[in-house]
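The values are calculated or read from the model by the stated rules, or taken from the named source; none is laboratory data. Just so it is clear, the structure is predicted and the values come from calculations on it, not from any experiment. Glycine gets a Cβ as well: all are built from the backbone with ideal geometry, and neighbour counts include every protein chain shown.
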Amino acid sequence: MMGGLSMKRFFLLVFLLAVSSVFAVTPAEVAAYRKAAEQGDAKAQNSLGVCYRFGYGVQKDLAQAVFWYRKAADQGHTQAQNNLGVCYSFGYGVQKDLKQAVFWYRKAAEQGDAKAQYNLGVCYENGYGVQKDFTQAVFWYRKAANQGSADAQHNLGVCYYNAKGVQKDLTQAVFWYRKAADQGDAAAQCNLGVCYYWGNGVQKDLKQAVFWYRKAADQGSANAQNNLGFCYNWGYGVQKDLTQAVFWYRKAANQGHPKAREALKKLKVSQ
């Protein structure tokens with residue numbers, strides 16, 4: 001049986017770190033960040049926090065990461081505010097405190113930081129550190145989505161699909177799924193495939209369904225792999241091919257997908 005919508009990020013708390021482009025950082029570069037940070041440079045303070053958070057050019061130290069994020073955040077640096085919110089969300093270098101996480105996300109979100117807007121939307125959607133409010137979740141997802149956040153675009157699409165905080169509108173759901181899918185978002189690609197499969201918000205087109213399932217499946221989406229296996233199993237949008245069906249079912253089953261495992265049992269194929 002084919003699975004329904006992929007809602008990976010809609011129900012899971014997924015916070016995005018506003019990480020600076022510092023991946024291969026030398027000790028000399030860390031020293032330069034430190035010098036500028038100690039002189040009050042907010043950008044350098046955030047960068048130094050990132051270095052400590054991930055161990056770039058320095059021994060990983062979450063407490064020091066929080067220290068420098070806070071220095072920058074107190075100066076209004078939006079990336080640092082978002083990063084500090086992430087630390088409070090997960091208890092990185094500080095005691096977990098979802099209300100403090102929301103406080104810092106809001107600081108950054110109100111200054112237009114798309115990652116913080118997305119994170120604040122997740123908090124409102126799930127009731128993390130704030131009373132659950134789908135209308136507010138949609139408000140912040142839309143803010144981030146309009147800035148090009150694929151995660152927010154995906155979640156906004158799910159809200160339209162399921163009438164969460166907004167009137168049900170399948171056309172709008174497809175619109176936002178496509179925005180995210182075109183940026184390579186696997187969950188949105190899978191959901192767009194579901195819309196094409198059923199003709200929800202778009203004219204039914206099984207070939208397009210297969211196209212988007214494959215995009216997501218190639219990125220490791222278990223739901224998409226299961227759905228692609230289903231299409232090959234029955235010849236929906238693609239020539240029937242049991243070998244390919246088993247291939248994709250097995251991919252999904254290896255990730256624990258229950259419907260894929262059930263399909264393999266029916267085909268009497270080992271996982």
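Assorted remarks:
- Meets criteria (under 24 Å from Tyr141 (Cα atoms) and charged (D, E, K, R)) for Lys179: yes
One line per residue, one yes/no per condition, for (1) in contact with a Leu (Cβ under 8 Å, 6 or more places away or on another chain); (2) under 19 Å from Asn82 (Cα atoms); (3) in contact (Cβ under 8 Å) with a residue 60 or more places away in the chain:
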site: Ala31; (1), (2), (3): no, no, no
site: Arg34; (1), (2), (3): yes, no, no
site: Gln39; (1), (2), (3): no, no, no
site: Ala42; (1), (2), (3): no, yes, no
site: Ser47; (1), (2), (3): no, yes, no
site: Arg53; (1), (2), (3): yes, yes, no
site: Asp61; (1), (2), (3): no, yes, no
site: Phe67; (1), (2), (3): no, yes, no
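- Hey, Gly184 small (Gly, Ala, Ser), more than 19 Å from the chain's Cα centre (by Cα) and within 30 Å of Lys132 (Cα to Cα) or not: no
- Any hit, segment 119-126, residues being under 16 Å from Arg53 (Cβ atoms) and free of Cβ contacts under 8 Å to residues at least 60 places away in the same chain: no
- Top-ranked residue in segment 245-271 [being touching a helix residue (DSSP H, G or I) at 6+ places or on another chain (Cβ under 6 Å) and farther than 23 Å from Ala188 by Cα; ranked as surrounded by the most Cβ atoms within 10 Å (Cβ to Cβ)]: Ala263
- Residue satisfying all of: in segment 156-212; in contact with a helix residue (DSSP H, G or I) (Cβ under 6 Å, 6 or more places away or on another chain) and of a type in the set (Asp, Glu); nearest to Gln225 (Cα to Cα) among these: Asp185
- The residues of segment 231-245 that are assigned to a helix (DSSP H, G or I) and under 26 Å from Gly199 (Cα atoms), listed by number, are Cys231, Tyr232, Asn233, Trp234, Leu242, Gln244, Ala245.
- Answer residue from segment 209-230, given it is in a helix (DSSP H, G or I) and in contact (Cβ under 8 Å) with a residue 60 or more places away in the chain and is nearest to Arg178 (Cα to Cα) among those: Ala216
- Taken over segment 246-262, the criterion of being in a helix (DSSP H, G or I) and either modelled with pLDDT under 95 or not small (Gly, Ala, Ser) (or both) is satisfied by Val246, Phe247, Trp248, Tyr249, Arg250, Lys251, Pro258, Lys259, Arg261, Glu262.
- Hits in segment 54-74 (condition: assigned to a helix (DSSP H, G or I) and modelled with pLDDT of 95 or more): Leu62, Ala63, Gln64, Ala65, Val66, Phe67, Trp68, Tyr69, Arg70, Lys71, Ala72, Ala73
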